[in-house]
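Visitor: There's a structure below that I have some questions on.
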There are 2 protein chains.
Amino acid sequence: MGVLSRARLLVVAVVCVTILLSFYSVILTHKEVSTAPSQRSPLPSHLPSPGPCNCTKGYAILKDHLPKEKYEELVKRRAKEFQQHKARTSSVLSRLLFAVANSPLQYPIQGYTVRPLTSTLIPGLELHAGKRSSYKVLLSVSKGILTTEIPAEEATVKGAGEAVLIIESSSLGILNHLLAKVSYASTVYHINTGDLASFQFENHKAVFPIAIKQPHLPVLYDMGTNINSQVTITTKTFLRYSELKVLLNSIRHFYSKIKVIIADDSFEPEHITGENIQQYIMPPAQGWFAGRNLAVSQVTTKYFLWVDDDFVFTEKTKIEKLVEVMEANPELDVIGGSVQGNRFYFSLVYEEGEEMDGGCLYRKSHGKFHSLPGYPQCFLASGVVNFFLARTDAAQKVGFDPQLQRTAHSEFFMDGLGSLLVATCDDVVVGHQQKTDKDTDSRYKKFRNPERSVNEFKLELHFFKNHLKCIRYG
Amino acid sequence: MGVLSRARLLVVAVVCVTILLSFYSVILTHKEVSTAPSQRSPLPSHLPSPGPCNCTKGYAILKDHLPKEKYEELVKRRAKEFQQHKARTSSVLSRLLFAVANSPLQYPIQGYTVRPLTSTLIPGLELHAGKRSSYKVLLSVSKGILTTEIPAEEATVKGAGEAVLIIESSSLGILNHLLAKVSYASTVYHINTGDLASFQFENHKAVFPIAIKQPHLPVLYDMGTNINSQVTITTKTFLRYSELKVLLNSIRHFYSKIKVIIADDSFEPEHITGENIQQYIMPPAQGWFAGRNLAVSQVTTKYFLWVDDDFVFTEKTKIEKLVEVMEANPELDVIGGSVQGNRFYFSLVYEEGEEMDGGCLYRKSHGKFHSLPGYPQCFLASGVVNFFLARTDAAQKVGFDPQLQRTAHSEFFMDGLGSLLVATCDDVVVGHQQKTDKDTDSRYKKFRNPERSVNEFKLELHFFKNHLKCIRYG
């Protein structure tokens, strides 16, 4: 071979090797796009558990207030009720799920909601894989069945009408067409639950949620044309007819037609007359929260205004102002006002704690969040004073626990924690009648200033009903 | 050049070209893994709207039953209430979202729930991208702020403590370490809402949900140790004291201590005495559902058994059997029995329809779903006869609308559609007292067989309250 030929050969070889090396590095780069699944960090299946909560100084440890001989049975019964509570309040829709990276699968991650027993198309299912001679996907569910179109040629479908559906085709386009026609139908009638669908291709797997819900009929209130069709005043009375009458007269002075509902558990009930005044007679001394729950159960208007029987309306008691804030903030449930300058409010600090022990609750007097956007005179809190406007349906859903017969107040807001959005505004004020011993029935004090046993009862109630370990009243 | 040299040159060239072509095809194959986003089908932002529902033969068109002069105002007020209803019952957590294919992003798609105003780590955020000189990701939220660790060298973080967070690093490992430390905190106190987080890298974008919820205090009932601490019997009476007394005697025959709550709106109330019997006196003729709501508002046990005041207990009236089914099926809310062989039940077929017009509702007599697993004598339905065991908290959350003063029954189950899981079992039977004209107060018939106007009132109520266009009673 001549020198020239060798040189040419060398040049060609070097050029080829260079090009080969550059292609090789390009391929290596692309390969890094798909990290082998084994190199990824393992994904958690649930959010980290908060662990037990701390009952620091100032907390009453509730188990110390339970009758010792009953303690074990109470704990056992409470644990059983708590399991039922969990079954009723959680489903697979609470599970932590992830979209993994570099998966050729496309699928819905939120918003796919179906009616029970009703076949519904699954939106957005697609496969975006590289060229293969054949493509095969698997879909599986637990609480329902899957169907798709009957395929034309070049595709096979196995498991139509069952819980596991396998679609195979040599054409990606045809496979995606069949995926676009996949429907899910749940097989057990349930009003509020979920299923998880598994979507697989080769070594790729995605899990996505299916929400199964029976749609609700709306339940709306007609606001009518004036305050009387929007708000009902509710109160509870016990042995305080003179105070009650002062209250009623003051209401009528400013609101001549507004409906007033009175729950009355006095020993010798006195008939209260008056247009648009509804009095309900309860078994004597049946109780404070029983009476509150009764009064609220009779309301037909969108809102009710809670007042105590010894309040007195003044020119600053403008119900319309509270209605205005409610109407502008549809997600609000309760707005507290001020009782003769006393604007009591509190926040509730609640930690769920561990399942066996229970939670920790701190009622923080004067605790609050931030002001209501657009309403600087109002701010958000967890609970307010006993003078408030409430959305009737929201308050009824929480309820006033009739087991609380004597003193109670915060318990309504505790039972409503997470259900009631509460605010307090300082520009609506109701007066408070002076206490006059000579008018008040002597039995009243005995019931209002309960023996120690009533407070013990409340702590026992918090232990069981609210699944608490300790509670602190700040 | 000699023939041999040319041949060698040719062979080397052919070999190189062959190798080049095969590498090229390999690269092309890998390139297909990442389909350019523009080639994918556009994803929907919401499930397809069902459109208007059909009021076929047999349906009462509700707007025909409204006073014509008030029609426009009613429609306007109803539309306003419906907007508030939507604001209260939906959030970004209803939006349809998808995981797109071949994205280098990993993120949570379900289960990431945070408390309001509380900084919480976002689990599972990772980038799995190919080799680059530098990696830059962007995270943005709407209703909160994002933070992460202060980075060491080789990384920059912009926007910590704000709504848009940008992390940049030349090292993928360092970037992923910072992503693993990203926390979100909502900035507006809300008890039940959501935010959407956007996660971006180059031309890839993912959107995932953040559920913002104030945890609830559980509200549990102590079942105690016997039927008396588990079930309260509730009833409403009006002008039928002889029937009521027969009922009470029959209850006491089989259940000597069980509590009975009576809501009484008779004109001249008669005092009903007896241990564990609580009678509540209402304004005269206040109404049927008002009385039902009252009685149920006073229940302190986990379950209540609804009975009408002219029922009579027999040896087949075994409340314990209904409790057993409830306890075994914690998600059930109401179990109906049989009234002297009459096991009335129905299903409700509801279509939401279009926003302006309203929905279509069909009460299908003898409509039902399937049997209760493990309880072949029971099956699921939407509504049952007026003899049922109910979970007190679930029934109170729905409520008996006090506007329904005269005849009503299905309305409780209509208002409860989607909230109450209802079953009927055939092995628990209550008797029904024979009607005897001579004992019944003559005014009773007048109230029980209402004038046409009462039915018109109910249709008006369905129009507004339940946002319906038409209703059919099958």
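Visitor: Can you tell me which residues in region B:76-97 are in contact with a Ser or Thr (Cβ under 9 Å, 6 or more places away or on another chain) and of a type in the set (Val, Ile, Thr)?
Guide: Listed by number, the list holds a single entry, B:Val92.
Visitor: From (1) closer than 25 Å to B:Ala285 by Cβ; (2) more than 33 Å from the chain's Cα centre (by Cα), pick out the condition that doesn't hold for B:Ile262.
Guide: Unmet condition: (2).
Visitor: For region B:85-120, give me each residue that is within 7 Å of chain A (Cβ to nearest Cβ), buried (at least 20 other Cβ atoms within 10 Å of the Cβ), not aromatic (Phe, Trp, Tyr) and not in a loop (DSSP other than H, G, I, E, B).
Guide: The answer is B:Leu97, B:Ala99, B:Leu105, B:Gln106, B:Pro108, B:Ile109, B:Gln110.
Visitor: Is at least one residue of region A:378-396 open to solvent by 50 Å² or more (accessible area, probe 1.4 Å) and either at pLDDT 95 or above or within 30 Å of B:Ala295 (Cα to Cα) (or both)?
Guide: no
Visitor: All but one of (1) modelled with pLDDT of 95 or more; (2) of a type in the set (Phe, Trp, Tyr); (3) open to solvent by 10 Å² or more (accessible area, probe 1.4 Å) hold for A:Phe447, so report the exception by its number.
Guide: (1)
Visitor: A:Leu139: modelled with pLDDT of 95 or more, in contact with a Phe, Trp or Tyr (Cβ under 6 Å, 6 or more places away or on another chain), within 27 Å of A:Ala185 (Cα to Cα) and more than 7 Å from chain B (Cβ to nearest Cβ), yes or no?
Guide: Here the answer is yes, as A:Leu139 does meet what is asked.
Visitor: Quick one: how many residues across region A:196-231 are open to solvent by 50 Å² or more (accessible area, probe 1.4 Å) and among the aliphatic types (A, V, I, L, M)?
Guide: 1
Visitor: Another question about this same structure. For region A:353-369, which positions are within 14 Å of B:Gln214 (Cβ to Cβ) and surrounded by fewer than 21 Cβ atoms within 10 Å (Cβ to Cβ)?
Guide: If the condition is that a residue be within 14 Å of B:Gln214 (Cβ to Cβ) and surrounded by fewer than 21 Cβ atoms within 10 Å (Cβ to Cβ), then A:Gly367, A:Phe369 are the ones that fit.
Visitor: Right, next: Return yes when A:Lys63 is more than 8 Å from every other protein chain (Cβ to nearest Cβ), in a helix (DSSP H, G or I) and touching a helix residue (DSSP H, G or I) at 6+ places or on another chain (Cβ under 7 Å) and no when it is not.
Guide: yes
Visitor: If you don't mind, there's one more thing I want to ask. Suppose we keep only residues that are among the hydroxyl-bearing types (Ser, Thr, Tyr) and part of a loop (DSSP other than H, G, I, E, B) within region B:123-140. Which one would you say is surrounded by the fewest Cβ atoms within 10 Å (Cβ to Cβ)?
Guide: Filtering first and then ranking leaves B:Ser133.
Visitor: When residues of region A:355-387 are filtered for being free of Cβ contacts under 8 Å to residues at least 60 places away in the same chain and within 14 Å of chain B (Cβ to nearest Cβ), how many remain?
Guide: Total satisfying the criteria: 14.
Visitor: Another question, if that's okay. Name the residues in region A:219-252 that are within 14 Å of chain B (Cβ to nearest Cβ), of a type in the set (S, T, N, Q) and touching a residue at least 12 places away in the same chain (Cβ under 8 Å), would you?
Guide: Scanning region A:219-252 gives A:Ser229, A:Gln230, A:Thr232, A:Thr234.
Visitor: What's the total number of residues in region A:141-165 that are crowded, with 17+ Cβ neighbours inside 10 Å and assigned to a strand (DSSP E or B)?
Guide: 7
Visitor: So, of the residues in region B:120-147 that are of a type in the set (D, E, K, R) and in contact with a strand residue (DSSP E or B) (Cβ under 8 Å, 6 or more places away or on another chain), which turns out to be nearest to B:Gln200 (Cα to Cα)?
Guide: Looking at the filtered set, the residue picked out is B:Lys136.
Visitor: Separate question: Regarding region B:343-350, can at least one residue be identified that is within 11 Å of chain A (Cβ to nearest Cβ), more than 23 Å from B:Val454 (Cα to Cα) and either part of a helix (DSSP H, G or I) or not hydrophobic (A, V, I, L, M, F, W, C) (or both)?
Guide: Within region B:343-350 (the criterion being within 11 Å of chain A (Cβ to nearest Cβ), more than 23 Å from B:Val454 (Cα to Cα) and either part of a helix (DSSP H, G or I) or not hydrophobic (A, V, I, L, M, F, W, C) (or both)), the answer is yes, since at least one residue qualifies.
Visitor: Here is a list: A:Arg292, A:Arg363. Which entry is touching a Phe, Trp or Tyr at 6+ places or on another chain (Cβ under 8 Å) and in a helix (DSSP H, G or I)?
Guide: A:Arg292
Visitor: Still on this structure, please answer the following. Being of a type in the set (Phe, Trp, Tyr), crowded, with 17+ Cβ neighbours inside 10 Å and at pLDDT 95 or above narrows it down to one residue among A:Phe313, A:Phe254, A:Phe344; which is it?
Guide: Going through A:Phe313, A:Phe254, A:Phe344 in turn, the sole match is A:Phe313.
Visitor: Still on this structure, please answer the following. Does B:Ala408 fit the bill of being among the aliphatic types (A, V, I, L, M) and closer than 19 Å to A:Asp393 by Cα?
Guide: No: the conditions fail for B:Ala408.
Visitor: So is B:Lys236 open to solvent by 10 Å² or more (accessible area, probe 1.4 Å) and either assigned by TED's automatic domain parsing to the domain that holds B:Ile167 or under 35 Å from the mean Cα position of the chain (by Cα) (or both) or not?
Guide: The answer is yes for B:Lys236.
Visitor: Would you check if there is a residue in region B:71-78 being touching a residue at least 40 places away in the same chain (Cβ under 8 Å), surrounded by 13 or more Cβ atoms within 10 Å (Cβ to Cβ) and at the interface with chain A (Cβ under 7 Å from one of its Cβ atoms)?
Guide: Yes; the residues of region B:71-78 include at least one that is touching a residue at least 40 places away in the same chain (Cβ under 8 Å), surrounded by 13 or more Cβ atoms within 10 Å (Cβ to Cβ) and at the interface with chain A (Cβ under 7 Å from one of its Cβ atoms).
Visitor: Now, a different point. Would a scan of region A:392-404 turn up a residue that is in a strand (DSSP E or B) and within 12 Å of chain B (Cβ to nearest Cβ)?
Guide: No, region A:392-404 contains no residue that is in a strand (DSSP E or B) and within 12 Å of chain B (Cβ to nearest Cβ).
Visitor: Here's a follow-up. So which residues in region B:316-341 are in a loop (DSSP other than H, G, I, E, B), open to solvent by less than 10 Å² (accessible area, probe 1.4 Å) and under 21 Å from B:Tyr221 (Cβ atoms)?
Guide: B:Leu332, B:Asp333
Visitor: Still on this structure, please answer the following. In region A:172-189, which residue that is in a loop (DSSP other than H, G, I, E, B) and open to solvent by 30 Å² or more (accessible area, probe 1.4 Å) is farthest from A:Thr118 (Cα to Cα)?
Guide: Only one residue fits best here, namely A:Ala180.
Visitor: Being part of a loop (DSSP other than H, G, I, E, B), open to solvent by 50 Å² or more (accessible area, probe 1.4 Å) and at the interface with chain A (Cβ under 10 Å from one of its Cβ atoms) is the requirement here; does B:Pro269 meet it?
Guide: yes
Visitor: If you take the residues in region A:47-60 that are of a type outside the set (Ser, Thr, Tyr) and away from chain B (no Cβ under 14 Å), which one is surrounded by the fewest Cβ atoms within 10 Å (Cβ to Cβ)?
Guide: Here the residue is A:Lys57.
The values are calculated or read from the model by the stated rules, or taken from the named source; none is laboratory data. Everything numeric here is computed off the predicted structure, so don't read it as measured data. Please note: Cβ atoms are built from the backbone with ideal geometry, for glycine as well, and neighbour counts cover all protein chains shown. These area figures cover heavy atoms from the full protein model, side chains too; ligands, DNA and RNA do not enter into them. Shrake-Rupley method; radii C 1.70, N 1.55, O 1.52, S 1.80 Å.
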